[in-house]
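Heads up: the structure comes next, in structure tokens.
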Amino acid sequence: MDFGIHLKKYYMINNWRELLLGPSYFYHKILIKRSKKRHYKPFTVKTKESTDINSKRDYLMNLNKYENTLFRFLTHKVSTGGTTGSPFIFYRSIIMSQKERAYLFDIWRSINYRPFDLRVVFRGDITKELITYNWLENAYILSPNQINASSRDFIIKFLTNLKPFFLHVYPSSFFSLSRFLGEDVIKSLKIRGILAGSEGFPKGQMEMIEKLYKLPIAYWYGHSEYAVLARYCFECHGFHFYPTYGKVDFIESGDCKYNIIASSFNKIGTRFINYDTEDQAIIDEIKCSVDEFPRIKIIIGREQDFFFSNDGSVNAFGPYLFGIHNRFWEYLVDIQFVQERIGELVVYIRTTHPDHKDIEDILNERFRIVNLRFVYVNNINKTKSGKSRYFIQMLKNETAYTKY
Ligand SMILES: [Zn+2]
């Protein structure tokens, strides 16, 4: 009886949290439901010549061209490193996070997540405290830069005492966490499933996690521009794009690969139209037996990078740098991290910002677990395709590194 009342209260509080998400959330929740009843044609490929593609560079050079600036007051500024390309700044409608939530919840539902079920978040959120609770989200946030050998016992005790929860991670940060806590600890925790997005998650790694830890996974492809979104399908092992979220096209980029071209449906904030995401896809003819949404085979170009901290442990690089969402990116023209020895990262920085201390303070605070050596340069080499490489690992593969 007691348990029943407790459960009722739990769902009631979560319903309140859901109501607080606002009209855009509910509008898209309905759109998603309806969209699943329709039939869709497979993707077709466009040619470069037939489409007026807007590159990241176009947005960097002339941002206002892509926005009705009259509505600027309904937006907030997003400064991000993205996962490829140069530091990137644009404007996002303030209701976009409500929309985003409707889709994420739909993806998470596939592993029995109900809106506002308890989550433990281990991503790029760096906070002053080791563990912070966010009531609105019903989520505990673990700060990656506070995690070290001396806090390990406390973290294990804390997680062990939690009610069943979902682990919300980047694929690479799950790898860091499972190495830090150990296989037996992960197995002993009451984890209901893994919510993982934003970067590459090789199929072999997912299968290993499902087999070793018996944990279901929800995995998706999205980006900070919020223009297109796809979920990974464990039935056909491809990605299905949500047709009501944004429009996706493909243009051939050679070697049977296609660049993902995104068009957002949003009217307010920076409009990403025929926008080259710089992510690539492989398309095949397979038809999925459970999901009607148009699908592609693989998304490529988002690899996981790892660095070795002071104590020699392996850490996912992405969350440390790409979790920074403040003015930091505006200080930079370009940045690159190189690891040549354990416990040290050389940071090459190209900046026009007069005060280097601003930049160094932010980075030192985030990368507390490794020594940073700053080098200011006038140029950082790009890859052949013109992308920035944020991280280069010079150390040869260690055993720990290749375990997965
Ligand atoms: Zn499928």
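Restricting the count to DSSP beta bridges whose residues both fall in the range 58-155, what percent are antiparallel, rounded to a multiple of 5?
Taking every DSSP beta bridge within the range 58-155, about 75 percent pair in antiparallel fashion.
Run through the DSSP bridge list for the chain and note the antiparallel percent, rounded to the nearest 5. Approximately 60 percent, going by the DSSP bridge assignments.
For the range 169-283, the share of DSSP beta bridges that are antiparallel, to the nearest 5, is 75%. Panel order for 288, 233, 256, by other beta carbons found within 10 Å of each beta carbon, from fewest to most: 256, 288, 233. Per-residue Cβ neighbour counts within 10 Å put 321, 195 in the sequence 321, 195, beginning with the fewest. Each peptide in 137-144, 218-225 was scored by the mean count of other Cβ atoms within 10 Å over its residues; highest first, the order is 218-225, 137-144.
Here the extension length gained between residue 41 and residue 361 equals 110.1 nm, from 0.36 nm per residue of separation less the Cα-Cα distance.
Partner lysines whose Cα lies under 21 Å from the Cα of residue 187, excluding those fewer than 8 positions away in the same chain, are identified as 157, 163, 203, 211, 214, 403.
Output the pairs from 36/65; 77/257; 77/99; 33/128; 36/267 with a Cα-Cα distance over 29 Å in this structure; if there are none, say none.
Numbers: 36/65 35 Å; 77/257 33 Å; 77/99 17 Å; 33/128 40 Å; 36/267 24 Å.
Result: 36/65; 77/257; 33/128 exceed 29 Å.
Across the chain, Cα-Cα pairs more than 35 Å apart make up 28 percent of the total. Note on the range 234-277 and the range 94-154: Cα centroid distance 26 Å, given to the nearest whole angstrom. Translational diffusion of the range 167-281, estimated by Stokes-Einstein from the Kirkwood radius over alpha carbon pairs at 4 °C in a medium of 1.567 mPa s, is 82 µm² per second.
Using just the helices of the chain, give the 222 nm mean residue ellipticity in deg cm²/dmol: DSSP H runs with n ≥ 4 each add -39,500 (n - 2.57), and the total is spread over all residues, rounded to 500. -8000 deg cm²/dmol, from helical runs alone. Dipole check for the chain: with +1 at the C-beta of Lys and Arg, -1 at the C-beta of Asp and Glu, and the Cα centre as origin, the magnitude is about 1160 Debye. Applying both filters, DSSP loop and at most 14 other Cβ atoms within 10 Å, to the trypsin sites (Lys or Arg not before Pro) of the range 235-317 gives 267, 287.
The numbers here are math on the coordinates, done by the rules we state, and not lab data. These numbers come from a predicted model, not from an experiment. Heads up, the Cβs are rebuilt from the backbone with ideal geometry, glycines too, and the neighbour counts pull from every protein chain shown.
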